[in-house]
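I have placed the structure first, in the form of structure tokens, so that the comments after it can refer back to it.
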Amino acid sequence: MTFDPSKPFDLPPLPPGGKIRNQDFVDVLLETRTELGELNGLSKTIPNPLLLLSPAVLRESVASSRIENVNTTVENALQMQLFPEAARKPADKEVIRYQDAILWGYNQLGKLPLSTRIILGLHRRLLPDRSSGFRKTQNAITNISTGEVLFTPPEAHRISSLMGNLEAFVNDNTRELDPLVKCSIAHYQFEAIHPFGDGNGRVGRMLMVLSLIQDGLLSLPILYISGYINKNRSDYYRQLRDVSANGEWKEYVSFMLSGFRAQARESKEIVVKLMTLLAKTKERIRKEHRKIYSADLVEALFAEPITTPVSLARRIDVNYRTASRYLTALAKGKQLEEHRAGKYHLFINKPLLALLRR
């Protein structure tokens with residue numbers, strides 16, 4: 001059937017027609033596997049996974065949301081995390097919900113396989129005000145500037161069967177496909193099904209990292225492809241369209257594998273820099289603030305780069321006065337910057353923020 005972007009797409013179920021073999025991608029697969037293996041190995045050397053997990057997930061939340069024109073910064077989102085939800089700005093609220101959703105999904109993987117139940121849970125946490133399960137009506141992807149219809153997903157009555165087929169494909173370990181190739185194929189399929197009225201892109205990007213964790217390539221959700229998609233947005237959408245219109249699977253999968261490789265390399269570099277900065281900060285505070293130094297205190301300032309006395313007290317299990325004294329001493333010693341935001345007294349780990357902004 002000829003592809004017509006204005007008509008509901010007759011999406012074939014998985015696996016894709018035509019043989020897709022690991023051998024078609026052998027060079028980029030080898031390089032990507034090497035980078036992923038080194039990243040995963042590094043993540044296991046970190047004594048407290050939250051040191052890496054919290055900042056990395058928030059960084060991805062900002063990047064993934066930016067693709068959907070939800071714009072904020074890592075610094076704003078970190079600050080807004082400390083405020084009640086009612087006081088958060090809409091963009092920061094969506095970014096923080098993205099973070100909460102991916103961490104919830106990560107915790108579910110120990111109990112459930114990657115499934116429709118997890119997908120619906122991710123969407124419900126991402127967009128609680130707009131989540132009512134899979135869409136019941138037809139939608140379409142259009143060019144915001146011109147109004148041109150770029151892609152019309154399958155009809156709503158097909159979603160249940162297509163999602164069931166996708167779930168079976170993701171959890172089928174009898175095929176010889178490398179998990180990275182399988183993950184790329186599954187990502188296209190999810191985006192083509194477009195099962196929700198909103199939030200499909202963000203949920204689809206969460207599913208990629210959860211898939212790699214389920215298949216044993218990662219231990220923590222610290223590899224994200226949103227930065228790569230942001231840099232190559234037009235190519236990404238063209239590749240998706242070429243699969244729909246022409247069945248160009250190999251070019252698309254190669255593109256995605258290159259993205260995993262690039263992001264694994266970048267994430268690895270950030271982990272190394274983060275651990276170096278942590279070691280230097282521990283040494284400096286140990287020398288200059290011997291009376292208040294503890295590894296727990298320093299690690300808390302990395303797990304939460306912007307903090308308050310209330311938040312620090314809760315995190316390291318001390319009372320408010322003690323936490324306030326610690327933070328004030330570190331601000332006077334120039335290890336932290338002190339700011340006021342309305343009634344909130346903020347303390348900022350600026351060197352770590354600079355690293356996360358990269």
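The simple spin-label model puts a point 7 Å past each Cα toward its Cβ; for Val26 and Ser6 those points are separated by 4.7 nm. Since only Val74, Leu220, Tyr293 are under comparison, the one whose Cα sits farthest along the positive direction of the charge dipole of the chain, derived from C-beta charges on Lys, Arg, Asp and Glu, is Tyr293. Scoring 223-235, 114-126 by mean Cβ neighbours within 10 Å over their residues and listing the highest first yields 114-126, 223-235. Here is the list for the stretch 110-171: GluC sites (Glu not before Pro) lying in DSSP coil, each with at most 11 other C-beta atoms within 10 angstrom of its C-beta, are Glu148. With a/c under 1.5 counting as rounded, go ahead and sort the stretch 289-356 into rounded, prolate or oblate using the C-alpha gyration tensor (a ≥ b ≥ c being the square roots of the eigenvalues; past the cut-off, prolate if a/b is larger than b/c, else oblate). In terms of gyration-tensor shape, rounded. Database remark: amide H of Thr142 closer than 5 angstrom to the amide H of Leu150 (H placed geometrically; neighbours at sequence offset of 5 or more, or on other chains; Pro and chain starts carry no H). Please say if the stretch 1-109 is rounded, prolate or oblate, where rounded means a/c under 1.5 for a ≥ b ≥ c the square roots of the C-alpha gyration tensor eigenvalues, and otherwise the choice is prolate for a/b larger than b/c and oblate otherwise? Here the stretch 1-109 falls in the oblate category. So what is the relative contact order of the stretch 1-139, in percent, for Cα pairs below 8 Å that sit 6 or more residues apart? Relative CO of the stretch 1-139 lands at 14 percent.
Positive contributions from Lys and Arg (+1) and negative ones from Asp and Glu (-1), summed over other residues with Cβ under 15 Å from the Cβ of Leu53, come out at -1.
Would you tally the net charge around Glu338, using a Cβ to Cβ cut-off of less than 12 Å, leaving Glu338 out, and scoring K and R as +1, D and E as -1?
+3
With both labels modelled 7 Å from their Cα along Cα-to-Cβ, the Arg238 to Asn48 distance reads 4.6 nm.
Can you give the net charge of the other residues whose Cβ lies under 15 Å from the Cβ of Asp215, counting K and R as +1 and D and E as -1?
Local charge sum for Asp215: -1.
With a threshold of 20 Å on the Cα-Cα distance, the over-threshold entries among Lys111/Lys136; Lys44/Lys268; Lys231/Lys280; Lys182/Lys273; Lys7/Lys231 are Lys111/Lys136; Lys231/Lys280; Lys182/Lys273; Lys7/Lys231. How would you classify the stretch 22-270 from its alpha-carbon gyration tensor, with a ≥ b ≥ c the square roots of the eigenvalues: rounded for a/c under 1.5, else prolate if a/b is greater than b/c, otherwise oblate? Rounded, since a/c falls under 1.5. A Cβ-based charge dipole, computed about the Cα centre of the chain with Lys and Arg at +1 and Asp and Glu at -1, lands at about 1640 debye. Helix-only arithmetic for the chain: the sum of -39500 (n - 2.57) across DSSP H runs with n ≥ 4, divided by the residue total, places the mean residue ellipticity at 222 nm at -19000 deg cm²/dmol.
Read-outs throughout are calculated quantities, based only on the coordinates presented, and are distinct from any laboratory measurement. On a predicted model such as this, the values are computed, not experimentally measured, just so you know. Reconstructed Cβ throughout: ideal geometry from the backbone, glycine too, with neighbour counts over all protein chains shown.
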